Amino acid sequence: MDYNHKIIEEKWQKFWKDNKTYKTTNESDKEKFYVLDMFPYPSGAGLHVGHPLGYIASDIYSRFKKQKGFNVLHPMGYDSFGLPAEQYAIQTGQHPALTTEENIATYRRQLDQIGFSYDWDREVRTSDPNYYKWTQWIFIELFNSYYDIEKDKAVSIDKLIIIFEKKGNEFVNACHSQEEIFTASEWSAMNEKDQREILLNYRLAYLADTMVNWCPGLGTVLANEEVKEGKSERGDFPVERKLMRQWSLRITAYADRLLKDLDPLDWTDALKEMQRHWIGRSQGASVKFKIDGNDNLIEVFTTRPDTIFGVTFMVLAPENELVDEITTADCKEKVAAYVKRSSARSERERMAEVKNISGEFTGAYALHPFSGEQIPIWIGDYVLASYGTGAVMSVPAHDSRDYAFAKHFVIPIVEVVAGGNIEEESYDAKSGKLINSDFLNGLEVKKAMKTAIYKMEEEGIGKGEINFRLRDAIFGRQRYWGEPIPVYFKDDIPYVLEKSELPLELPEIDKYLPTEAGDPPLGRATEWKYKGEYSYELSTMPGWAGSSWYFLRYMDAENNNDIFSDDATNYWGNVDLYLGGAEHATGHLLYVRFWTKFLYDIGKISITEPAKKLVNQGMIQGRSSLMYRATMHIWSKGDAYPPSEVPPLFVSNDVYKLFMESNKVERLSKDDEDRLSSYKDEIRDLEQESTTKFRSLYPNKSGEVRYGTSFTPIRVPIAIVKNDVLDINAFQNSGPENKSARFILEDGKYICGSEVEKMSKRWGNVVNPDDLCERYGADTLRLYEMFLGPLEQHKPWDTNGIEGVSKFLRKYWRLCHNADGEFEVSDGEPTSKELKSLHKTIKKVEQDIEKLSFNTSVSAFMICVNELSELKCNNRTIISDFTKLLSSYAPHIAEEVWNLLGNTESISIADFPAFDEANLTEDNFEYPVSFNGKTRFKLELPSNMSKDDVEKSVLESEESAKWLDGKTPKKVIVVPNRIVNVVV
RNA sequence: GCCCAGGUGGUGGAAUUGGUAGACACGUUGGACUUAAAAUCCAAUGAUCAUUGCGGUCGUGCGGGUUCAAGUCCCGCCCUGGGUACCA
């Protein structure tokens, strides 16, 4: 029988399913290994060829690890809450659960046909109440915890209450947003409502009035990382800032740990750098400035306390609360106008106007903490209300933004660090000696910083401080299709549900839109009340809630009594290899690290990081095909021909290029000139032809058809293009307007141009894995996706190349099948050549998989099969070992051959073939001999020959004489079994 | 602007980490088999000069440098892709 992928793949997929071949247990003597894919959001479009790339890589890796004797956990599930299903529900009225269910079924079918070794018994879906019950459970834990800075961990809120009862909050060292200080007796005197209100300022999940990113287009708030350049990441709707009472998670409490623990992780530097930047730790000091004639203080954060004597003005954010209070009467009007103007501008506009310097003087003065000098207080857009205290001390000599501001408004600039030229620009570097700075004079910047902070602390002016760019994460979404937040309100105060009351399930609603009163969609469920009495929280959790801990649930997915068992998490530990897209760098990957640390703090798990090693697979881009359409004119004195009937003219790629070239360069080569003029003739002929035709069709109209020589690239569906050659027939049948199309061809073919861009329906360049599985089979698809190039790299998809790997599999099949298509292997000892070929491959493939270099191992397979074919090898041992080697890449064909070899068990439990160096030793080595670094000839010599003998043999060889040309070599370099270089 | 990643044939990409640049494939061209096609197999394929042949020269984004030897290391640029954006 010829290699028939359809029969074979169906057969083994059924076998794996029936026999639960890939079931993983939590009890094993073997060492564990956890390979995780970032789970997909099941979109309606299904998978395109780019999605499975990472899944195939991780599948090969898992199967390989299994072969090497590990107990491998390799699960899959769905991030099934999310906006698209809800948007679809709004449009169609169809319940998102139904759409999601259908989409998941499609995904599953597509995944199954590629032959993955997932243990499907561990599947999770974030939208399944059995799963989100535990997401809610974690929320309750967060609500019931605060962050103790001294212990540097989350602690039960009950402990905090005890402290309040004993000592009040003055000495509590916790992460909080509580401003007032109270004593123990004051606490005890408070009613429950006030107490609970205060506790909210300490909880890790808290409700507070916060500036949020409000997206009217989606009708919900978004977290910072869901906003890209002022627009929503999903849907690309504008986002505005708005003050709202919202649920947030106090991720900032973990900022330091999130930063510190990054170092030892085996993640790419780029990714770690992105996280570091996102967390944005800066060290400096907070300094208090008195205001002249006002009791308030302006507190600022600065990273340059050393430049304190260079402060010549202060700038407050327009939103700063102090603005109103300190502005003098004569400045009121202008300041108010400025505040109004900047508040009206969206975040996006503000960003776009970075270069525009704007601001307004408040009329008020601050007093320099050391010199007591008056410092004017300004307000300005460039100071952000959301960072630090929303106020800065401006040191124009040593900060480029302050410099620009000072220059613009003509404010004095005082140099305090020597080394730059402040006439020209600010000197921002953190090196040089202090000048004009009283007690800091003569100190180096670093020393000056310490001294300044010391003095500030001594005099109670300020203190050393660390600031983070990271903001607390907004946790509520005014949406339906997400986890309900397990909270109800009594007297406007939030209470969490008892854990025994979970899950709090999503209620049914009539429409997936906000209520008339403007409440989120859950407000439509009017009967939905806690104990039939208290209102539930109406917003739901964001998309990343469920994905922040799913890797743990896989370890014990079927546990009904607990979120997961200690045994399971202790056994599986961290994810050993986590594979997914780089787009999750600051969203998902930061949150999953945060929740992992929190679960560690409360003693649920014993790891502090989710994944030891993380790899981002590159995106597979689409390759769009382009046609070039000539501009068309109708020249007419009177009544013209209807333009819609003039046939469009398309020119082939080469023709297009030639025309473009002729516009760019002054002179074309003779050859090109000739071709160009022949194309021009062709265009003229077509114009003539059309004109003649129109004259006869429309005898009453006058005119001429002309085609211009400027061209518009038009995308054409890749389905009607093969190897860049357009199927002209198919194109003409693709639409009425194309029916009459004219072409200027090259060699009788229309060659399309191409462009690499995102794979998308819009560009007609989507390639579906279903078609490829049907035509070539899953094994071929798997191999080809890997063959395409390095895993991490972005690369364009080009279906043409798939023939190569398809040929390879058929060649491998033929190795163990005779001319009649019958399975046939020979017994007996393999030859040394055969062994050499095999073992070379074993070594290479093993090394390659370990370093995730899958593309090169596919080449190695091809080389091996080419060699074995050459040797006409069908030796049982060789075929058997090679099959084991191949099985992680092409599991179906490997199972089949394995079975034909007489094995009854699945190949997935067979060991990885053992490598024996002895098979690779060579008697001779063919030395490349170079003269002055240029390879001139090759010389075969025994591999154990000494350096001196090699040198001698080389110099004595006939060929050398020619290159030495009678001269004596200056130097001869011999690298044993590598190279010989003669310097003349 | 800043921070990453990357520039190698017509194309995707290899290169034992300083040691034969272009493996392996695609594509193209020519050939074999066939009534024909498909499939399969064989050969050529970086550029250029020369050609009867041997062959020569150039060549890993650009310009320098280190070295017996550089795609690989160092210095200075250019370009492409990604991230980020007044973070005090």
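The values are calculated or read from the model by the stated rules, or taken from the named source; none is laboratory data. This one's a predicted model, so the numbers in the text were calculated from it and none came from an experiment. Neighbour counts are summed over all protein chains in view; Cβ atoms, including those assigned to glycine, are modelled from backbone coordinates with ideal geometry.
Note on region A:627-667: residues that are in a helix (DSSP H, G or I) and either surrounded by fewer than 13 Cβ atoms within 10 Å (Cβ to Cβ) or not aromatic (Phe, Trp, Tyr) (or both) total 13. Just one of the listed residues (A:Asp848, A:Asp881) is of a type outside the set (A, V, I, L, M, F, W, C) and more than 15 Å from RNA strand B (Cβ to nearest atom), and it is A:Asp881. Determine whether region A:975-984 contains at least one residue that is away from RNA strand B (no atom under 12 Å from the Cβ) and surrounded by 13 or more Cβ atoms within 10 Å (Cβ to Cβ). No.
Inside region A:214-229, residues that are at positive phi and either within 9 Å of RNA strand B (Cβ to nearest atom) or assigned to a helix (DSSP H, G or I) (or both) make up a count of 1.
Taking region A:250-307 as the range and being within 9 Å of RNA strand B (Cβ to nearest atom), of a type in the set (A, V, I, L, M, F, W, C) and more than 33 Å from the chain's Cα centre (by Cα) as the test, the residues that pass are A:Ala285, A:Val300. Among the residues of region A:257-272, is any in contact with a strand residue (DSSP E or B) (Cβ under 7 Å, 6 or more places away or on another chain) and farther than 29 Å from A:Trp595 by Cβ? The answer is no, given that none of the residues of region A:257-272 is in contact with a strand residue (DSSP E or B) (Cβ under 7 Å, 6 or more places away or on another chain) and farther than 29 Å from A:Trp595 by Cβ.
Within region A:921-980, restricting attention to residues that are of a type in the set (S, T, N, Q) and in a helix (DSSP H, G or I), the residue that is modelled with the lowest pLDDT is A:Ser960. The set of residues from region A:806-837 being more than 12 Å from RNA strand B (Cβ to nearest atom) and either of a type in the set (Lys, Arg) or within 38 Å of the chain's Cα centre (by Cα) (or both) comprises A:Lys833, A:Lys836. Based on this model, can you work out whether A:Ile893 counts as outside the structural domain of A:Ser58 (by TED's automatic domain parsing) and more than 9 Å from RNA strand B (Cβ to nearest atom)? So A:Ile893 passes the test. Going by the structure shown, is A:Trp544 under 26 Å from the mean Cα position of the chain (by Cα) and crowded, with 19+ Cβ neighbours inside 10 Å? Considered against the rule, which asks whether it is under 26 Å from the mean Cα position of the chain (by Cα) and crowded, with 19+ Cβ neighbours inside 10 Å, A:Trp544 comes out as yes. In this structure, is A:Asp121 among the charged types (D, E, K, R) and buried (at least 23 other Cβ atoms within 10 Å of the Cβ)? When the stated conditions are applied, A:Asp121 does not pass them.
The rows are residues; the columns are (1) over 26 Å from the mean Cα position of the chain (by Cα); (2) assigned by TED's automatic domain parsing to the domain that holds A:Glu508; (3) closer than 30 Å to A:Cys773 by Cα; (4) in a helix (DSSP H, G or I).
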site	(1), (2), (3), (4)
A:Glu86	no, no, no, yes
A:Gln94	yes, no, no, no
A:Ala105	no, no, yes, yes
A:Arg108	no, no, yes, yes
A:Ala154	yes, yes, no, no
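Residue count for region A:583-599 under the criterion of being free of Cβ contacts under 8 Å to residues at least 40 places away in the same chain and either buried (at least 22 other Cβ atoms within 10 Å of the Cβ) or more than 12 Å from RNA strand B (Cβ to nearest atom) (or both): the result is 0. Meeting the requirement of 2 or more residues that are within 16 Å of RNA strand B (Cβ to nearest atom) and more than 34 Å from the chain's Cα centre (by Cα), the strands (runs of 3 or more DSSP E) wholly within region A:392-511 are A:462-468. Kindly establish whether A:Ser710 is among the small types (Gly, Ala, Ser) and in a helix (DSSP H, G or I). No, not satisfied.
Scanning region A:918-935 for residues that are touching a residue at least 24 places away in the same chain (Cβ under 8 Å), of a type outside the set (Phe, Trp, Tyr) and out of contact with any Ser or Thr (no Cβ under 6 Å at 6 or more places or on another chain) gives A:Asn919, A:Leu920, A:Val929, A:Ser930, A:Asn932, A:Gly933. Filtered by the rule that a residue be more than 14 Å from RNA strand B (Cβ to nearest atom) and either more than 25 Å from A:Asp209 (Cβ to Cβ) or modelled with pLDDT under 75 (or both), region A:235-249 gives a lone residue, A:Gly235. Contact map, region A:967-980: residues that are at positive phi paired with residues that are assigned to a strand (DSSP E or B), Cβ distance under 8 Å, separation 6+ or inter-chain. Pairs shown: A:Asn977/A:Phe925. Quick check, is A:Asp438 farther than 15 Å from A:Phe289 by Cα, out of contact with any His (no Cβ under 7 Å at 6 or more places or on another chain), crowded, with 18+ Cβ neighbours inside 10 Å and touching a residue at least 60 places away in the same chain (Cβ under 8 Å)? In short, no.
Do we have any residue at all in region A:737-747 that's near RNA strand B (Cβ under 10 Å from one of its atoms), outside the structural domain of A:Ser859 (by TED's automatic domain parsing) and either in contact (Cβ under 8 Å) with a residue 12 or more places away in the chain or within 30 Å of A:Ser678 (Cβ to Cβ) (or both)? Looking for residues that are near RNA strand B (Cβ under 10 Å from one of its atoms), outside the structural domain of A:Ser859 (by TED's automatic domain parsing) and either in contact (Cβ under 8 Å) with a residue 12 or more places away in the chain or within 30 Å of A:Ser678 (Cβ to Cβ) (or both), one finds at least one in region A:737-747, hence yes.
Looking at the structure I just gave you, is A:Thr25 within 24 Å of A:Leu885 (Cα to Cα) and in a loop (DSSP other than H, G, I, E, B)? No; evaluated as a whole, the condition is false for this residue. If you go through region A:761-793 and keep only what is more than 12 Å from RNA strand B (Cβ to nearest atom) and among the hydrophobic types (A, V, I, L, M, F, W, C), you end up with A:Trp763, A:Val766, A:Val767, A:Leu772, A:Cys773, A:Ala778, A:Leu781.
Determine if region A:41-61 includes at least one residue that is of a type in the set (D, E, K, R), in a loop (DSSP other than H, G, I, E, B) and not assigned by TED's automatic domain parsing to the domain that holds A:Gly235. Scanning region A:41-61 turns up no residue that is of a type in the set (D, E, K, R), in a loop (DSSP other than H, G, I, E, B) and not assigned by TED's automatic domain parsing to the domain that holds A:Gly235. So for region A:129-149 (the condition being surrounded by fewer than 17 Cβ atoms within 10 Å (Cβ to Cβ), among the acidic types (Asp, Glu) and not in a helix (DSSP H, G or I)), does at least one residue qualify? The answer is no, given that none of the residues of region A:129-149 is surrounded by fewer than 17 Cβ atoms within 10 Å (Cβ to Cβ), among the acidic types (Asp, Glu) and not in a helix (DSSP H, G or I).
From the list A:Ala914, A:Ala918, the one residue that fits, being loosely packed, with under 12 Cβ neighbours inside 10 Å, more than 16 Å from RNA strand B (Cβ to nearest atom), aliphatic (A, V, I, L, M) and outside any helix (DSSP H, G or I), is A:Ala914. Checking each residue in region A:714-727 for being away from RNA strand B (no atom under 16 Å from the Cβ) and either within 16 Å of A:Val651 (Cα to Cα) or at pLDDT below 80 (or both) picks out A:Ile714, A:Arg715, A:Val716. For region A:744-762, a residue qualifies if it is outside any strand (DSSP E or B), crowded, with 18+ Cβ neighbours inside 10 Å and more than 22 Å from the chain's Cα centre (by Cα), and the qualifying residues are A:Tyr750, A:Cys752.
Scanning region A:489-527 for residues that are within 17 Å of A:Leu142 (Cβ to Cβ) and among the hydroxyl-bearing types (Ser, Thr, Tyr) turns up just one, A:Tyr495.
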